[in-house]
Every structure is written in structure tokens, then in C-alpha cells.
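A quick write-up on the structure given underneath.
The values are calculated or read from the model by the stated rules, or taken from the named source; none is laboratory data. Given the structure is predicted, the values throughout are model-derived calculations rather than measurements. Cβ placement follows ideal geometry from the backbone for every residue including glycine, while neighbour counts extend to all protein chains displayed.
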Amino acid sequence: MKLKSVFAAVALACTGITAAHAGEPRLAPMPAALESRFALSALPPALRGDATVFLLDPSKGYRLAHQGANGVSCLVERTVWEWNELRDDVFVPLCYDKAGSDTLLKVIMDVAAMRATGKDAAAIKTEVERRYRAKIYHAPLKAGLSYMVAPLMRAKGPPDFKLHTMAMPHLMFYAPGVINADIAAKPDLADPASLQWPFVDQQGNAAQSYFIQLLGETEKAKILAAEKPLIDDLCSWNHALCLEHAMH
């Protein structure tokens, strides 16, 4: 987005979006308390008190905000290296168990640090792929999962793999090297019924493959009701996170 005046820049800053710099969009920091609540919303409530939370400083990367004791780590992902583009309007709250915290979490944190140094999307993607080839990054060493049961996220998804603010609480079980044909799954983003059953989502490479299990409509409705204060606060901070303007 190109801003025409200082007044426009101030107005956008109030919504949580900043101006582009050197051709790449800059990330605005979320208010710490809001970001922490958003990150932890990816977890079932009973697990939140003992989880570790990382918050993003766009100028440096993620910092430890709260050290937990249950092995689970939570953050809001703002840069998705697999897309090969940098945006200022991506918000993906997620939490990894210990196996994921020891492996996949490092990729997200390193990507944020690389972006903070000014690397562009192509350079970040090239470096991540190099580190996977060099075995610096690798898949989790045991079975486990990533919790993503937040009331909303802003990412590319159904029905057209374009950017949406959506309510799609789900779980992601590590499945390195697995493809949909291995489990006879035939997911169709345009057909919600086909997504009710487990399917495989490969996110960038075989090491980042997951079995996806969406929560049911009853469970989703309960989450949306319980998290309404968070939903309202997110929408007030940044209009891009308003569910009423998004696909549900």
C-alpha cells in the first residue's frame, strides 16, 4: 500500500498496518497483551497457563514473553516462507508440542529474524530450503501435533487458497513424507464436505506435512462464543481481523 501523506500513515498505523519499506511491507507490532491472548487461543484453555509464549518484535524477531512448563510453545506467525511473498496482513496463531517446538518452531522464528534484517521473500525461501537440505532443519523426531484451535486466523485457505480471515479451528498432526494418496484422501478446497475428514497438507516440503483434522461445527461455535472478547479486540485493533467481513 502506498501512502499519500503523513496523515494517511498515522491512520493506517492505528489499524496495525505500516507503510512499505524498500519494496517490502513492514510489520506492525501487536499490543503485547493482545498478541499473547491471540497466540494462546490456539490452545485448549486447560493447557494455556503452562505454555510458553513468544511475541514478535518486527525489528528483531521473536522474544520470549513467558516461559511455560508443559513443553508447548505458542506464537502468532506473521511471515509464511512457503508462499514466497511478504505481507503485512498475515496472522496465524499456533502452538507446537515439545516435538514441534524442538524443530518446526525454529523455522518460524528464524524466518522472522531474517525478515527483520531486511531479506526479501525470495532470499528467505532460498535460505530455508538450503537449511532443510543441510539438515539444519528437519521434521519432528516423534509423533505429535500443532494446536490451531484459535477462533480466527488470517491466511490462505478455502475455498480458493486466497487470503481470508476465517474461523477454521483445527489440529495438525506431524506426517513427514505423507501425501493424500497414502490415506486415500481427496480434499477439495471448494467442497467443505471433503474437508470434514483428515487430509494431508504439505506446507513447503515433505518435512512440513501434516494430517489436518478440522473441528466440528458444534465445537467451532463454542470456541467462537467463548472467544468473542478476543475476536472483538482483534477486529478493533486491525480491520483485517474482523470475522464479519470474512468467509466463515
Report task. Quickly run through segment 186-208 and pick out the residues that are modelled with pLDDT under 95 and buried (at least 18 other Cβ atoms within 10 Å of the Cβ). Result -> Leu195
Query raised in the report: Quick one: in segment 81-112, which of the residues that are in a loop (DSSP other than H, G, I, E, B) and touching a helix residue (DSSP H, G or I) at 6+ places or on another chain (Cβ under 8 Å) is farthest from Asn205 (Cα to Cα)?
Result: Asp89
Query raised in the report: Is it fair to say Glu24 is among the charged types (D, E, K, R) and either at pLDDT below 95 or at positive phi (or both)?
Result: yes
Requested in this report: Can you work out which of the residues in segment 32-43 that are outside any helix (DSSP H, G or I) and touching a Phe, Trp or Tyr at 6+ places or on another chain (Cβ under 7 Å) is surrounded by the fewest Cβ atoms within 10 Å (Cβ to Cβ)?
Outcome: Leu43
Query raised in the report: Out of all the residues in segment 115-124, which are crowded, with 19+ Cβ neighbours inside 10 Å and either in contact with a helix residue (DSSP H, G or I) (Cβ under 6 Å, 6 or more places away or on another chain) or not in a helix (DSSP H, G or I) (or both)?
Result: Ile124
Query raised in the report: Given the structure, is Lys135 more than 18 Å from Thr79 (Cα to Cα), in a loop (DSSP other than H, G, I, E, B), in contact with a helix residue (DSSP H, G or I) (Cβ under 9 Å, 6 or more places away or on another chain) and not aliphatic (A, V, I, L, M)?
Result: no
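Condition check ((1) in contact with a helix residue (DSSP H, G or I) (Cβ under 7 Å, 6 or more places away or on another chain); (2) among the aliphatic types (A, V, I, L, M); (3) free of Cβ contacts under 8 Å to residues at least 40 places away in the same chain; (4) assigned to a strand (DSSP E or B)) across all residues:
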site: Tyr147; (1), (2), (3), (4): no, no, no, yes
site: His164; (1), (2), (3), (4): no, no, no, yes
site: Phe173; (1), (2), (3), (4): no, no, no, yes
site: Pro176; (1), (2), (3), (4): yes, no, yes, no
site: Ala181; (1), (2), (3), (4): no, yes, yes, no
site: Ala185; (1), (2), (3), (4): no, yes, yes, no
site: Glu219; (1), (2), (3), (4): no, no, no, no
site: Leu230; (1), (2), (3), (4): yes, yes, no, no
Query - Selected residue [more than 23 Å from Cys242 (Cβ to Cβ) and at pLDDT 95 or above] from Leu47, Leu34, Leu40, Leu55 - result: Leu47
Report task. Please indicate, with yes or no, whether at least one residue in segment 65-85 is touching a Phe, Trp or Tyr at 6+ places or on another chain (Cβ under 7 Å), more than 27 Å from Cys235 (Cβ to Cβ) and of a type in the set (D, E, K, R). Result -> no
Requested in this report: Of the numbered conditions (1) without any contact (Cβ under 8 Å) to a residue 60 or more places away in the chain; (2) under 20 Å from Leu163 (Cα atoms); (3) out of contact with any Lys or Arg (no Cβ under 6 Å at 6 or more places or on another chain), Val80 fails exactly one; give the number of that condition.
Outcome: (1)
Query raised in the report: Any idea which residue in segment 209-243 is surrounded by the most Cβ atoms within 10 Å (Cβ to Cβ), counting only those that are in contact with a Ser or Thr (Cβ under 8 Å, 6 or more places away or on another chain) and not aliphatic (A, V, I, L, M)?
Result: Tyr210
Query - Selected residue (only one of Leu224, Leu214 is free of Cβ contacts under 8 Å to residues at least 60 places away in the same chain and of a type outside the set (S, T, N, Q)) - result: Leu214
